[in-house]
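The structure under discussion appears below in the form of structure tokens.
What follows draws every value from the coordinates through simple rules; no lab data is involved. It should be emphasised that the depicted structure is a prediction, and the values quoted were computed from it without experimental measurement. Please note: Cβ atoms are built from the backbone with ideal geometry, for glycine as well, and neighbour counts cover all protein chains shown.
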Amino acid sequence: MKTIFAAAAVSALMLTLGGAAAAQTTPETGRQARMAQSAGQPISQADFVQRRVERLRAADANGDGQVTAEEMRAHAQARRAERRAAQFDRLDADKDGSISRAEFEAPRQQARGEGRMGAARWGHARGGMKQGRMGGHAARDGADRFPIVIAEAERKAAEAFARMDANNDGTLSVEERRAAMQAGRAEMRQKRDTRRMQRPAVSSQGTASPSAPVSE
């Protein structure tokens, strides 16, 4: 008699199988662009912009060209449901609509066969079940961002592409993407250092004292 472990099994494999399930629900053009990037191939402006706005277009339920916070939440919930369904199907080896203990344990047994690293990944996935359920779906909508106008998002994506395309050849090479990433990290570090310098210093008595002026 089979015992159904659907909820536990799906939650346990969210980390290990999430990438494969997401690929099944990703629009074809976006998937091809990501494959091109992972393969080190140049990315065109059209693919770059598509990647930036494909989620917005999918979330625009009423087709009015903008995405509200409610539409984004509904889209996220639908994607999670699709991923869980795909993960359930992957575990349900005999396709009888239920997951037996043997089917539930099969990925762990496979991980053991792959060595300690595989077993560690499986253990991490199972160990993160409670945390994922408790904190993984916390609301971080950023209400001030909505509604998001898709045309405006496309314009900003095109501008970002133009800044990254150093040689103006209409594509982004691996080197250009790497340079843009490094520049972004440097900018983030600079902003973080600036905030630290502007933060009031705390004296030994526990009171805040003005920060020393920064020399020019």
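Miscellaneous remarks
- Rounded if a/c under 1.5, otherwise prolate or oblate - segment 150-195, Cα gyration tensor axes: oblate
- Rounded to the nearest Hz, the phi-derived 3J(HN,Hα) couplings of segment 45-57 under the Karplus curve 6.51 cos²θ - 1.76 cosθ + 1.60 (θ = phi - 60°) are 5, 4, 5, 4, 5, 4, 4, 6, 10, 4, 5, 5, 4, where x marks glycine and proline.
- Given their separation in residues at 0.36 nm each and the Cα-Cα distance between them, Val149 and Arg199 gain 14.5 nm when the chain is fully extended.
- Using θ = phi - 60° and Karplus 6.51 cos²θ - 1.76 cosθ + 1.60, couplings along segment 102-112 (whole Hz; Gly, Pro as x): 4, 5, 5, 7, 4, x, 5, 5, 5, 4, 4
- Residue ranges 147-156, 50-59 sort as 50-59, 147-156 when ordered by packing (mean number of other C-beta atoms within 10 Å per residue, highest first).
- As a calculated quantity, the FRET efficiency between Asn168 and Asp89 at R0 = 45 Å, using C-beta atoms, amounts to about 0.45.
- Around the amide H of Gln66, modelled in the peptide plane, lie the amide H atoms of Ile150, all under 5 Å away and 5 or more residues distant in sequence or on another chain.
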